[in-house]
Amino acid sequence: MAINWLIALQAIPWGQVLENTPKIIDATKKLFTRAKEAEPLREIVIDPDGQADDATRLTRLERLVEENRNEVIDLHQGLQASTKLIGELAEQNARMIGEIETLRRRGRVQFWFCVVLALAFLGLLLKLPVA
């Protein structure tokens, strides 16, 4: 069983894993930092006093629309970064699954080869004359 693990460790493309690790770590840190820095939702009050004129209310509304626009842009960029990171992780996962499947097939072949070898050895032992 330990030999299969050694084969598995040798079959993993460690160069690619090590090459992509810094990118994934950086992207993950950015995502966590963004999530921690996210401001809680705030209550939107357009006319707190109820006595503002139309020009003031319009200015406040325009400012709120611009703030919301900027937040949507930030969220969209975060979503794109998250999507890219998830895509890279999915690619790596797919490669690892392919390698594991290859190792599983090799393990089966090795098992049956050992069975055949054991049977051949047993047959050889049975044919030897006993002294």
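The values are calculated or read from the model by the stated rules, or taken from the named source; none is laboratory data. Keep in mind the model is a prediction, meaning the values are calculated, not measured. Here the Cβ positions follow ideal geometry from the backbone for every residue, glycine too, while neighbour counts run over all protein chains shown. To get the accessible areas, we keep the full protein, side chains included, count just its heavy atoms, and leave off ligands, DNA and RNA. Shrake-Rupley method; radii C 1.70, N 1.55, O 1.52, S 1.80 Å.
For Ala8, only one of the following conditions fails: (1) small (Gly, Ala, Ser); (2) modelled with pLDDT under 70; (3) exposed (fewer than 13 other Cβ atoms within 10 Å of the Cβ); (4) part of a helix (DSSP H, G or I). What is its number?
(3)
Could you check the range 102-131 and list, in sequence order, the residues that are polar (S, T, N, Q) and either open to solvent by less than 60 Å² (accessible area, probe 1.4 Å) or not in a helix (DSSP H, G or I) (or both)?
Thr102
For the range 88-101, indicate whether the set of residues that are open to solvent by 100 Å² or more (accessible area, probe 1.4 Å), modelled with pLDDT of 70 or more, within 20 Å of the chain's Cα centre (by Cα) and not hydrophobic (A, V, I, L, M, F, W, C) is non-empty.
Checking the range 88-101: at least one residue is open to solvent by 100 Å² or more (accessible area, probe 1.4 Å), modelled with pLDDT of 70 or more, within 20 Å of the chain's Cα centre (by Cα) and not hydrophobic (A, V, I, L, M, F, W, C).
Please find, among Asp26, Asp53, Asp74, the residue that is in contact with a Lys or Arg (Cβ under 9 Å, 6 or more places away or on another chain), at pLDDT 70 or above and not hydrophobic (A, V, I, L, M, F, W, C).
Result of the check over Asp26, Asp53, Asp74: Asp74.
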